[in-house]
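Engineer: Have a look at this one before I ask anything.
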Amino acid sequence: SGPKTKPLEVLIPIYPDFNTFDINGPIEVLSQANRNSGFTHFKINIAAGTELTTSVEGVSIARDISLTDAIERLSDWDILLVPGGVEKAILSMIASWKEGRVAEAPYSNEVVTLLDRYIGRLDGFVFTVCTGSLFLGALGKLVGRRATTHWGSLATLKSLCAVFPGGMDTRLCCM
């Protein structure tokens, strides 16, 4: 085996009504890679606006870092993993951010700010799970790209992307 390198820093921003399945699956895969290799390839960090964030399932998850600190440390993150959640909650966060008003859910504007600033970088990777892709569509980050989301949100994703010149590649993958 070659020389050991530092682990990739994975940031998972969570918000009220996120879906725990959308973080648990990827966390399991990344942690298995760490355990099976005997080396820590991925360091997982949960970012949130409050100490505990409640999911759509009613489960509260503790954060490792605040959203404010995560934004300040933007260059530290190698991978941004965006979980899905309740479509209505995501659309409300995006609308509040775009209109420059205080969001109903605490720290929602910081979630969208983090995504917008991170995606604007030239390096780093962004992965979304399920309706997490709605954030990218609303920010115009899917122009000319193929994307997928929960089948129940495909029409919403298409409409979010349609407002941008060039739109999104209309060959959506449906899962």
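The values are calculated or read from the model by the stated rules, or taken from the named source; none is laboratory data. As the structure is a computational prediction, the values presented were derived from the model and not from experiment. Cβ sites come from the backbone with ideal geometry, for glycine too, and all protein chains shown count toward neighbours. Side chains included, ligands, DNA and RNA excluded: accessible areas come from the protein's heavy atoms. Shrake-Rupley method; radii C 1.70, N 1.55, O 1.52, S 1.80 Å.
Engineer: So is G85 of a type in the set (G, A, S) and within 24 Å of T148 (Cα to Cα) or not?
Structural biologist: yes
Engineer: When the residues of the stretch 95-105 are narrowed to those that are in a loop (DSSP other than H, G, I, E, B) and farther than 14 Å from P16 by Cβ, which ends up modelled with the highest pLDDT?
Structural biologist: Applying the filter and picking the extreme gives G100.
Engineer: Another question about this same structure. Return the pairs, sorted by first residue and then second, in which the second residue is in a helix (DSSP H, G or I) and open to solvent by 30 Å² or more (accessible area, probe 1.4 Å), the first residue lies in the stretch 5-30 and is among the acidic types (D, E), the beta carbons are less than 7 Å apart, and the residues are 6+ apart or on different chains.
Structural biologist: Filtered contacts from the stretch 5-30: E9/D76; D22/C130.
Engineer: Filter the stretch 66-88 for residues that are outside any helix (DSSP H, G or I) and touching a residue at least 40 places away in the same chain (Cβ under 8 Å) and give the result.
Structural biologist: Answer for the stretch 66-88, where residues must be outside any helix (DSSP H, G or I) and touching a residue at least 40 places away in the same chain (Cβ under 8 Å): W77, D78, I79, L80, L81, V82, P83, G84, G85, V86.
Engineer: Among the residues of the stretch 35-73, which ones are under 14 Å from the mean Cα position of the chain (by Cα) and among the hydrophobic types (A, V, I, L, M, F, W, C)?
Structural biologist: Correct list: I44, I46, A47, A48, L67, A70, I71.
Residue-wise test of (1) under 25 Å from L8 (Cα atoms); (2) open to solvent by 60 Å² or more (accessible area, probe 1.4 Å); (3) at pLDDT below 85; (4) not basic (K, R).
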residue: L74; (1), (2), (3), (4): yes, no, no, yes
residue: M93; (1), (2), (3), (4): no, no, no, yes
residue: A147; (1), (2), (3), (4): yes, no, yes, yes
residue: H150; (1), (2), (3), (4): no, yes, no, yes
residue: C174; (1), (2), (3), (4): no, yes, yes, yes
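Engineer: A further question on this structure: Filter the stretch 106-139 down to the residues that are of a type in the set (G, A, S) and either farther than 16 Å from F164 by Cβ or modelled with pLDDT of 85 or more (or both) and list them by number.
Structural biologist: Within the stretch 106-139, S108, G124, G132, S133, G137, A138 qualify.
Engineer: I need the full set of residues from the stretch 33-54 which are without any contact (Cβ under 8 Å) to a residue 40 or more places away in the chain and either open to solvent by 50 Å² or more (accessible area, probe 1.4 Å) or closer than 17 Å to G85 by Cα (or both), in order please.
Structural biologist: R35, N36, S37, G38, T40, H41, K43, I46, E51, L52, T53, T54
Engineer: Name every residue in the stretch 8-32 that is open to solvent by 40 Å² or more (accessible area, probe 1.4 Å) and over 20 Å from T131 (Cα atoms), in order of residue number.
Structural biologist: Once the filter is applied, which keeps residues that are open to solvent by 40 Å² or more (accessible area, probe 1.4 Å) and over 20 Å from T131 (Cα atoms), the stretch 8-32 yields L8, Q32.
Engineer: Within the stretch 55-72, which residues are open to solvent by less than 70 Å² (accessible area, probe 1.4 Å) and over 23 Å from V126 (Cα atoms)?
Structural biologist: G58, V59, S60
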